[in-house]
C-alpha cells in the first residue's frame with residue numbers, strides 16, 4: 001500500500017544475468033527488469049551477463065556491494081535445480097542478513113501462476129554491506145512477477161508500513 005504523503009526516492013540498481021547460453025541481445029529477463037526499474041523511476045547503475053560460475057558471480061556482485069553508489073542488485077538466472085544453477089550458493093555467503101520472507105512470498109505468488117513447479121525455485125534475497133540483493137529465476141515471467149508483486153513496492157519509499165528505501169538511503173531529508 002502506498003501513501004502519497006511521502007516523496008519517491010530513486011535507487012541505483014545493478015542487473016546481473018547469469019546464463020551459460022544467453023547473450024545480452026537474447027536476455028529478455030534482464031531487459032524486463034531494466035524496463036521495470038526505469039519505469040518505476042530508478043536508475044540502472046550497471047548491467048552484466050556472466051556464466052553460471054560461483055566465483056565469477058561473487059566477484060561481480062562483490063564489486064557492486066563495495067560501491068556505495070549501488071543500492072540494489074537484481075540477479076536473474078541460476079536459481080533452479082540444474083547442475084549448473086548456483087546463484088543461491090554464490091550469494092548466501094555474501095549476505096549479512098537474509099530476507100527470509102522474499103523466497104517464501106515469491107513461491108506463494110508463483111504457485112498461482114505455475115502451480116507446484118514453484119517448488120523448484122530457489123529465489124532468495126539478502127542484505128550485504130547495505131546493498132539489497134534479489135536472486136530471481138531466469139524466466140522473464142518470473143522476473144516480472146517478482147518485480148510487479150514484491151520488489152517494486154519494497155523499493156518504493158511511499159510503500160507503508162515499511163520498505164527498504166530508508167535502510168538503503170537513510171532517513172529522508
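The values are calculated or read from the model by the stated rules, or taken from the named source; none is laboratory data. Note that this is a predicted model, so its numbers are computed, not measured. For neighbour counting, all protein chains shown are included, and Cβ atoms are generated from backbone atoms with ideal geometry for every residue, glycine included.
Within 16 Å of the chain's Cα centre (by Cα) and over 21 Å from residue 88 (Cα atoms): which single residue out of 13, 34 fits that description?
Numbers: 13 fails: over 21 Å from residue 88 (Cα atoms).
After ruling out the rest, the residue left standing is 34.
Does residue 165 fit the bill of being in contact with a strand residue (DSSP E or B) (Cβ under 7 Å, 6 or more places away or on another chain), under 28 Å from residue 9 (Cβ atoms) and modelled with pLDDT of 95 or more? No: the conditions fail for residue 165.
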